[in-house]
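*Asks:* Pasting in a structure now, in structure tokens, and then I'll have a few things to ask.
The values are calculated or read from the model by the stated rules, or taken from the named source; none is laboratory data. Here the structure is a predicted model, which is why all the values come from computation and not from measurement. Here Cβ is always computed from backbone atoms with ideal geometry, including for glycine, and neighbour counts include all displayed protein chains.
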Amino acid sequence: MKTQVAIIGAGPSGLLLGQLLTRQGIDNVILERKSGEYVLSRIRAGVLEQGMVDLLREAGVDQRMDEEGEVHDGVELAVENRRVRVDLAGLTGGKTVMVYGQTEVTRDLMEARDAIGATTIYETDNVQPHDLKSDHPYVTFEKDGETHRLDCDYIAGCDGFHGISRKSIPEGHIKEFEKVYPFGWLGLLSDTPPVADELIYAQHERGFALCSMRSRTRSRYYIQVALDEKVEDWSDERFWDELKRRIPDEVAAKLVTGPSIEKSIAPLRSFVVEPMQYGNLFLVGDAAHIVPPTGAKGLNLAASDVNTLYRLMVKVYQEGRTDLIANYSQTCLKRIWKAERFSWWMTTMLHKFSDEPDFATRMQQAELDYVTNSEAGLTTIAENYVGLPYESLE
Ligand code: APR
Ligand code: PHB
């Protein structure tokens, strides 16, 4: 089998890249370890920056997003019982975000890929990239017990944090930067109307909480929990009780509770690998970096990597500009580190780190007091939240 770009992983990174390339006439094949249904069963984030929305439009997958997604021009911070609105549009010259679930983005991209007739091979085992430094790299994989070989020009490693792509880079060629936080997020999805029109990020002495949504009838809530907590120990009732204690009283009074559709605990981590390329292998999205979810940047960073690699591939195949390939990693990393900083800062400012108030606790309180009472402070949040501009290739 032969293609121009072999894509490993059919998450949002791989599917979006594949769709954009296919529409430019660049042939690609996606190899995915799991089934399509499994990929769609994963509940992930739901806030899209303008840059990602524009890229989805360019990929031709904007119809359902426009019908069902919601444009938000503000987001709220709650500090104990005090509510502060971050006027995203007002503070950024009119920029907004789109609330539309990653699961829906993935479903739309899968359908578009089917419609355009591009190849995705699901349920592949032992996917392995080879000869990354040569002009003729290839990927081997097993499907239904048989081994296959996919020859290509380039390999896009879109296989997430636990994928094979990053692990295929020989030791000594990449450096990993990591910070693991001493807590996780317990998330609950329910078919109940959201408690407010906008997302609420709540700092509280019992721990952080987030009120988010998927639609007018489906809500997503999170609470900070210790790393050793087990989902089984959190009945829906216990979750709702704890959430209510952490959000402002007037918000808690409006909360509509109901049975959970999904409940899970995710650890929080900051992670970046440098560089994001090795020969003709490019790492994209979660394969190269992880952010804690407090800034809603994970999916959006994946989209900005896709944007960079896509435009690079178009330059290569349409203009013969192979010289730009060397810029992939540094172009992506500039924006990634800024989003890492924002995600780390929001996480540090809003979570509970110690049981007894210490110096860091007081710094956190002073910072929140400053930021929420200063237009400069709120503008910092707003411009990062809506997304910093995409970096240019040259
Ligand atoms: N071979 C083939 N496919 C693999 C392999 C492998 N060895 N390892 C992982 N995969 C697949 C996974 O099954 C998954 O479907 O790669 C895909 C990676 O998808 P994601 O983890 O969703 O990563 P990405 O597409 O970069 O998405 C960006 O944004 O909101 C965040 O973390 C969230 O998933 C989200 C991410
Ligand atoms: C979500 O809706 O799942 C969500 C929203 C915003 C975040 C993180 C998660 O910052």
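*Asks:* Of a type in the set (Lys, Arg), modelled with pLDDT of 95 or more and over 20 Å from the mean Cα position of the chain (by Cα) - does that describe any residue in region 361-378?
*Replies:* Yes, region 361-378 contains at least one residue that is of a type in the set (Lys, Arg), modelled with pLDDT of 95 or more and over 20 Å from the mean Cα position of the chain (by Cα).
*Asks:* So, one more: Name the residue that is nearest to ligand 1 (Cβ to nearest atom), counting only residues in region 10-51 that are small (Gly, Ala, Ser) and over 22 Å from Met65 (Cβ atoms). Give the derivation first.
*Replies:* Kept after step one, since they are small (Gly, Ala, Ser), are these residues of region 10-51: 10-11, 13-14, 18, 25, 35-36, 41, 45-46, 51.
Applying the additional criterion that residues be over 22 Å from Met65 (Cβ atoms) yields 25, 35.
Working: Gly25: 23, Ser35: 9 Å.
Among those residues, the one meeting the criterion is Ser35.
*Asks:* Select from region 96-125 the residues that are of a type in the set (Ser, Thr, Tyr) and assigned to a strand (DSSP E or B) and write down the one among them that is farthest from the chain's Cα centre (by Cα). Spell out the reasoning first.
*Replies:* Initially, region 96-125 is screened for residues of a type in the set (Ser, Thr, Tyr), giving 96, 100, 103, 106, 119-120, 122, 124.
Filter again for assigned to a strand (DSSP E or B), leaving 119-120.
Details: Thr119: 24, Thr120: 22 Å.
So, considering only residues that are of a type in the set (Ser, Thr, Tyr) and assigned to a strand (DSSP E or B), the one farthest from the chain's Cα centre (by Cα) is Thr119.
*Asks:* Identify, from the list Val273, Val306, Val256, the residue that is part of a strand (DSSP E or B) and more than 16 Å from ligand 2 (Cβ to nearest atom).
*Replies:* Testing whether each residue is part of a strand (DSSP E or B) and more than 16 Å from ligand 2 (Cβ to nearest atom) leaves just Val273.
*Asks:* Quick one: would you say Gly93 is assigned to a loop (DSSP other than H, G, I, E, B), modelled with pLDDT of 95 or more, within 14 Å of ligand 1 (Cβ to nearest atom) and not hydroxyl-bearing (Ser, Thr, Tyr)?
*Replies:* no
*Asks:* Then there is this: Would you pick out the residues in region 151-172 that are assigned to a loop (DSSP other than H, G, I, E, B) and near ligand 1 (Cβ under 10 Å from one of its atoms)?
*Replies:* Once the filter is applied, which keeps residues that are assigned to a loop (DSSP other than H, G, I, E, B) and near ligand 1 (Cβ under 10 Å from one of its atoms), region 151-172 yields Cys158, Asp159, Gly160, Phe161, His162, Gly163, Ile164, Ser165.
*Asks:* If you don't mind, another one. Taking Lys263 as the residue in question, decide whether it is more than 16 Å from ligand 2 (Cβ to nearest atom), more than 22 Å from Glu171 (Cα to Cα) and either of a type in the set (Lys, Arg) or over 17 Å from the mean Cα position of the chain (by Cα) (or both).
*Replies:* It is false that Lys263 is more than 16 Å from ligand 2 (Cβ to nearest atom), more than 22 Å from Glu171 (Cα to Cα) and either of a type in the set (Lys, Arg) or over 17 Å from the mean Cα position of the chain (by Cα) (or both).
*Asks:* Name every residue in region 8-43 that is outside any loop (DSSP other than H, G, I, E, B), buried (at least 24 other Cβ atoms within 10 Å of the Cβ) and within 16 Å of ligand 2 (Cβ to nearest atom), in order of residue number.
*Replies:* Pro12
*Asks:* A further question follows. Going through region 191-204 one residue at a time, which ones are surrounded by fewer than 23 Cβ atoms within 10 Å (Cβ to Cβ) and either touching a Ser or Thr at 6+ places or on another chain (Cβ under 9 Å) or in a strand (DSSP E or B) (or both)?
*Replies:* Listed by number, the residues that qualify are Asp191, Thr192, Pro193, Val195, Ile200, Gln203.
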